[in-house]
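I have placed the structure first, in the form of structure tokens, so that the comments after it can refer back to it.
The values are calculated or read from the model by the stated rules, or taken from the named source; none is laboratory data. Everything quoted here is computed from the prediction, not taken from an experiment. Positions of Cβ are generated from backbone atoms using ideal geometry, with glycine treated the same way; all protein chains shown enter the neighbour counts. Note: accessible area is taken over every heavy atom of the protein model, side chains too, but ligands, DNA and RNA are not part of it. Shrake-Rupley method; radii C 1.70, N 1.55, O 1.52, S 1.80 Å.
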Amino acid sequence: MSGGNAKRRGGPPPAPASNPSKRFQAGSQNPQTPQQPLNGVAAEEDMMDEDVFLEETLLRYEEDEEAVLLLRDEAFSSRLSRWRRPALSLSHLSGCESIVFQQLEIDYVIGESHKELLPNSSGPAAILRIFGVTREGHSVCCHVHGFEPYFYISCPVGMGPDDISRFHQTLEGRMRESNRNSNVARFIKRVELVQKKSIMYYQKHSSQPFLKIVVALPTMVASCRGILERGITIDGTGSKNFLTYESNILFALRFMIDCNIVGGNWIEISAGKYKKAIKSMSYCQLELDCLYSELISHAPEGEYSKMAPFRILSFDIECAGRKGLFPEPTHDPVIQQIANLVTLQGDDHPFIQNVMTLKSCSPIVGVDVMSFDTEREVLLAWRDFVREIDPDIIIGYNICKFDLPYLIERAEALKIGEFPILGRIRNSRVRVRDTTFSSRLQYGVRESKEVKVEGRVQFDLLQAMQRDYKLSSYSLNSVSAHFLGEQKEDVHHSIISDLQNGNAETRRRLAVYCLKDAYLPQRLLDKLMYIYNYVEMARVTGVPISFLLARGQSIKVLSQLLRKAKQKNLVIPNIKGQGSGQETFEGATVLEAKTGFYEKPIATLDFASLYPSIMMAYNLCYCTLVTAEDARRLNLPAESINKTPSGEVFVKSELQKGILPEILEELLAARKRAKADLKEAKDPFEKAVLDGRQLALKISANSVYGFTGATIGQLPCLEISSSVTSYGRQMIEHTKKLVEEKFTISGGYDRNAEVVYGDTDSVMVQFGEPTVEAAMKLGREAAEYITGTFIKPIRLEFEKVYYPYLLISKKRYAGLYWTKPDTFDKMDTKGIETVRRDNCLLVKNLVNECLHKILIDQDVPGAVQYVKNTISDLLMNRVDLSLLVITKGLTKTGDDYAVKAAHVELAERMRKRDAATAPNVGDRVPYVIIKAAKGAKAYEKSEDPIYVLENNIPIDPQYYLENQMSKPLLRIFEPILKNASKELLHGSHTRSVSISTPSNSGIMKFAKKQLSCLGCKAVIGNAEQTLCSHCKGREAEIYCKMVANVSELEMLFGRLWTQCQECQGSLHQDVLCTSRDCPIFYRRKKAQKDMAEAKMQLDRWNF
Amino acid sequence: MKVDVEMGGGSPKLLERKQAVYRNLDERYEIHCETYKGQQYSHIYFTRLHYMRNLLYSLVPKWKPNLPVNTVLGLEEEKECIIVGTIYKHMKLKPSILDEYSKERSKVPLVKPHNFVHPDDHLILEDESGRVKLAGSLLDPSAFVTGIVVALHGKETSEGKFFVLDMLEAGLPPQIEQPPSSTEDKYVVFVSGLSIGSSTFNPLQFQLLVDHITGHLGDENEQTFASQIVHFIIAGNSVQILQGLLNGQTIAPRDQSTLTEPIKELDILLNQLAAAMPVDIMPGPSDPANFSLPQQPLNRCLFPGASAYNTFISCTNPHQFELDDIQFLGTSGQNIDDLFKYSEAKNKLEFMERTLRWRHLVPTAPNTLGCYPFTDKDPFLIESCPHVYFVGNQDKYETTLLRGSDNQSVRLICIPKFCETGVAVMLNLRNLECHSLSFSTGLNV
């Protein structure tokens, strides 16, 4: 079917509302809010609320969106209607039933306060919107009214009720001053006197007066905080700067904390407590209004730990690029294809698979193919599709940075103003924002585009991968090879245009490819249990799911801290940005590594959750910390305080129980429970939930320590983090001392124990026992004995034995990992270059093979021989080129790099050769190092592997030997071998070298080709076809060798090319894939070329 | 050729070796000027599908006259139809070259199972327009392999699968009528897997065979019998060359002889045979020949002695010929061995029968068995049914007479490996009956 005969709606497309003239009548602040500069600071997290005025993003024209839908023809809309959500039941429609749903997304808008629910207030107010899904699969949008933004300041001493109202007026005045263009009736709604206590420092009194300042709109919190922090003059008391409390909490999170809602939990609103929306604002099936106090939040347990059947949309787009350039929405024509897959949470197959193409496309089995004549129709069809199937979660690969922004910018370039209505709010446009996101804790600085699709969670698998896994490459191809064990066909974007410009068949080819790209993210999502793990993480930490991907670690801890503090009537000061980021404290200890190759079992003693248990054992918390000044003043008895090795003082739990230890205890107890339940669980979905939960709990417990140490974080407290590490160091030392004292011959044991190495939370002990079993027994004994000397809950556990064990240096070791005495579990390596991305495959294979030989076969001479053979092969030019390819990402163009880099130079050179296939910014550039003129710079020696293959260019084996192989090899062999460097890198095997003659070099153009003897390479006349007279006698032997070579190549050729057929999923079509990430890509090319040559030589025998 | 027989003092009786008219039909398997120019394997599948589809379409009206014929693309949900396409078997255990790269080295070295069939395997039907997963219990995936072309009757399910209700294979190809059986016995001898140069090769055993059939052994009866042998066929794996010697490195002079020693030995034996009767030698996987099918003839330079005789014929694998108008077709065993790895049957003869019914000698090429990337033909299609179909290098001697629905009758022979069993196979051209010749050098026999 084609959209060509679609009825088009008359009239020009409405212009995008570029000038939002129709703001809320009550007005708003100046767009340049005073806090703007803060945004630019490399803050750990962007913790700013951004008020969105309900009508600001709406389209200007007040047309019913039904008209927009009518744009499509009837066939199309009937096709869409098949996929609608299940229809509402009568009881739902009548509203006489309580509504229970799992919420996925919470945000807020500024709108007029609800007249019926809140008869006493008027004017603009923040309305929270909760989006979710019921058990039956109905979508819900709940508008929550009456929740007001607020924060605290400590009440100046001696402030009476009159002073408070004066303070109120003054503050109101200052607010009006700094928000002059705004004509909100009242900025500060109320100032209340409350009894609270600051979380910081141990205090003897139970509470003190605080002022709770309630403001009209969420952004006013920040603006008001600014005024108070800079200082305010109150009549009678003079100018005063205030420290604010809880003034940097996002409004939605504040709401969740106060209503006890955690991310992804179930919410119930009893019948009669809600009002059905009179004029529906959203595309959700159920739309309600209620007061925040009427929400019932269910803890995620039992029935409420399940997942609602969310709709997950996975999509991918293909777009045309101009020759040689990566597609850009403003210039590049077309969005050609959009593939969509919709899956219900819990199902293993998508229930919708379709692809929308520009121009005709042949059908695909099991896939709904929709073709359209213009790009406008494709875009609008997709919009309608999204709206009709109403996904709760949108996933894809790099959708946040590429696909979604591209679609939106493209629609803008085409002036399709009505396109970006993808969210759940009627007529509300999607907003695109550039954000810079940096997190010191984990992820480094990243630039990204934020596309806000209201009411739908976006889950970009690329972001999730980058966040959760350290991989050598994050291309969809290599990620799926890693996790799914599949290679993905990769079509170069220059071919994409050709396919699109071909016929219906070639476009079908492209569509299949596009579908696969939409399918793989879904499979990754399933395989890695992302939905379960992330929902559980949201539930455990209490933040909305969307925060987990878009924000850093510390908000998760902050959310838990705030919840706990609220229970304890504590408030958290806003001391953000206190540090310069420069302060450091002594980190974890690493015992000196006694490097070597240990052929006796090494028992490993590990501290179970070391840092959390230290915090619990010593009651380390913000509220138990005693400042040096207080310590003198309060004169606390010595038995009720702990002085940490780093010199800080904390009170013991008898005086004041810390809330961090309490959070940790709960997390660990919950984890224990989850693990116990996991053992009992039968249902696979329940198992998935519980496993996700225990993982989330573990990660959360471990991130608490990091939160206190993040100097530019939300609430840094170096006293705590440095105390934790100092205790950690002490414990490692203590363990070492005890082990070496107790397990000695004089102590009644057979041998003296020796600690060979210790890291952050583990100690490696050689008890000297020759068998794994004996080492395990002693390991257990030691763990139990030493645990007894620690304060609970610090526990030393015996977990595993390494045997044999190769200790290379600090943080670098390898060994076989045994947990039971009869067989080992796996080979375990740390810090050894097997995954570093700028190493070629040869190094990785070599290191792996050597470790395998040394550890598993215990064959050191074999490993040495293997290294020598490999080096010899390298020097003799017998190594498969694909093993030598080094890949680097091209992040900027050549001019932007300060130092010349090999891959950048190569990209430039390739652009000169052929601009169409040269790598662009964002691509990964594969290259090999070739032999070049003496004195050539390293960056001049890079070359495109294909070019090398085609032209027989010699590679530079010395480079590989010295810059790639030597370091990792010496690291491994130095503890084992004397003179490792001499033996391995300069032995007799390095004497013979073979270098191929390039076929395109200058001199070869003048050379005349003549037949040479196949046996001895002597030049022969044309009369003798194959061999010179001297070699004639060895005819059979030489033939055998050649035919064996051909035979081997033929076998390789067959295996490589059929593998590629397999990956592309078709036998009857030629392989197009040019995935340079695929390990066999170059090999396949080379096999083809070698085969042709070998065949030609062999043919010389058939005279 | 005459055999002089000296009988203990008696008058010498002159036995004359019988002859048969031989015609070599290997031409279709020969690769002359074709080279690797970047062609891929899709062409083979394409030509195969094209040929087989025409054939199957011609059979469909008889099979299911009332059903529409469709392509994979044109399938409509719940509508019964017939589609013709190439089977693709998705196999869980199928080894992949990518495993060398992507999988972490496991602690146990990968044990190669002899058979990669797994209960989770499933079939997919593909034509130029697309592929569709097959559902239903009619087809047992373990009996099929990738690369065969069949017609299926069924309908598309709501999940986008094709539910198979019935299947049609091409069946045995038509056969040229067998020549009227003559009255005289003429024998063809088959051997395979001599493996000269391997540890299991026993020189005496083969010499016994040679002496026996050339008439140098036995009494008059046996010699008379020997004189009735008209052709000798060696179906692959005549020599075994130590792989270590062929790793591309320069061979030390003392190893040069070890490399060619088995070939020289073979040449001597062939010399004796060729002096007595026509000998066809086919290359096999362990011979000094190319790897992918069709394997090209062993180069004559390997056999300076035997190649002097015009009775010495170095032929291709697969090998096709005619003796006294009887059609022979055979391979050195790779096709059946590969089927054995990727599918299941009760014995090797059943595999052989299947290849005939599928009308394809090597259905698994190129998927799992190497083959030359032909662009314009698929030489392995069996267009006419042979009278004798043999495969070499099998574990044991098996034979049967297969009868087709159109009165075809085919003698199927599995030739065992001689070096392991000491068995050669004799076929009587008169009635296509078969028996084994067993040689043993053990003292107890």
What lysines does residue A:279 reach when the alpha-carbon gap must be under 23 Å and sequence neighbours fewer than 8 apart in one chain are set aside?
A:22, A:115
For peptide B:84-90, what's the mean number of Cβ atoms from other chains within 10 Å of each residue's Cβ?
2
Which order do the peptides A:679-685, A:456-462 take when ranked by the mean count of other beta-carbon atoms within 10 Å per residue, highest first?
A:456-462, A:679-685
Let me know the shape class of chain B, please: from the alpha-carbon gyration tensor, a ≥ b ≥ c as square roots of the eigenvalues, rounded when a/c is under 1.5, otherwise prolate if a/b is greater than b/c, or oblate.
prolate
Work out the P(r) tail for region A:577-829: percent of alpha carbon pairs separated by more than 30 Å, whole number.
38 percent
So who's got an amide H within less than 5 Å of the one on residue B:150, skipping anything under 5 residues away but keeping other chains? H placed 1.01 Å off N, in plane.
B:85, B:87
Compute the separation of the alpha-carbon centres of region A:212-263 and region B:316-377 and state it in Å as a whole number.
83 Å
Using the Kirkwood radius over Cα pairs, work out the Stokes-Einstein diffusion coefficient for region B:42-93 at 4 °C and 1.567 mPa s, in µm²/s as a whole number.
102 µm²/s
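Let me know the mean shielding of B:124-132 by other chains, meaning the per-residue number of their Cβ atoms within 10 Å of its Cβ. Intermediate values should be presented prior to the final figure.
Values: counts 2, 1, 5, 2, 5, 7, 11, 8, 2.
What the average comes to for B:124-132 is 5.
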Binned at 10 Å starting from 0, the alpha-carbon pair-distance distribution of region A:105-231 in whole percents comes out as 11, 34, 30, 17, 7, 1
Region A:94-161: which trypsin sites (Lys or Arg not before Pro) are DSSP loop and have at most 13 other beta-carbon atoms within 10 angstrom?
A:115
Just tell me which lysines come within less than 20 Å, Cα to Cα, of residue A:830; anything on the same chain fewer than 8 places away is out.
A:470, A:594, A:600, A:800, A:810, A:811, A:844, A:853, A:967, B:103, B:107
Buried accessible surface, B vs A, both sides, probe 1.4 Å, in Å² to 100, equals 5100 Å²
Using only the Cα atoms of region A:1049-1092, construct the convex hull and provide its projected area averaged over every direction, in square nanometres to one decimal.
3.0 nm²
When Lys and Arg each count +1 and Asp and Glu each count -1, what net charge do the other residues less than 14 Å away from residue A:203, Cβ to Cβ, add up to?
+4
For every helix of n ≥ 4 consecutive DSSP H residues, a contribution of -39,500 (n - 2.57) applies; sum these over chain B, divide by its total residues, and give [θ] at 222 nm rounded to the nearest 500 deg cm²/dmol.
-6500 deg cm²/dmol
For region A:590-607, what does the Karplus curve 6.51 cos²θ - 1.76 cosθ + 1.60, with θ = phi - 60°, yield as ³J(HN,Hα) per residue in whole Hz, taken in order and with x for Gly and Pro?
10, 5, 3, 7, 8, 5, x, 10, 9, 9, 10, x, 10, 7, 10, 9, 10, 7
Enter the mean number of other protein chain beta carbons within 10 Å of the beta carbon of each residue in B:37-44, as an integer.
5
Determine how large the accessible area of residue A:754 is when every protein chain is in place; take a 1.4 Å probe and give Å² rounded to the nearest 10.
60 Å²
Per the Cauchy relation, a quarter of the hull surface: what is the mean projected area of the convex hull of the alpha carbons in region B:388-438, in nm²?
3.5 nm²
Overall dimensions of region A:156-197 as given by Cα atoms, namely Rg and Dmax in Å:
12.3, 37
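Kindly identify region A:850-890 as rounded, prolate or oblate by the Cα gyration tensor criterion: order the square roots of the eigenvalues as a ≥ b ≥ c, call it rounded if a/c is under 1.5, otherwise compare a/b with b/c, prolate if a/b is larger, else oblate.
It comes out oblate by the Cα gyration axes.
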Could you run the Karplus curve 6.51 cos²θ - 1.76 cosθ + 1.60 with θ = phi - 60° over region A:497-514 and give me ³J(HN,Hα) per residue in whole Hz, x for Gly and Pro?
4, 5, 5, 5, 7, x, 10, 4, 5, 5, 5, 5, 4, 5, 5, 4, 5, 5
What GluC sites (Glu not before Pro) does region B:351-445 have in DSSP loop regions with at most 11 other beta carbons within 10 Å?
B:383
In cubic angstrom per residue, the convex hull of region A:678-780 built on its Cα atoms measures 150 Å³
Debye intensity ratio I(q)/I(0), log10, region A:118-182, q values 0.18, 0.29 Å⁻¹ (C-alpha model)
-0.93, -1.17
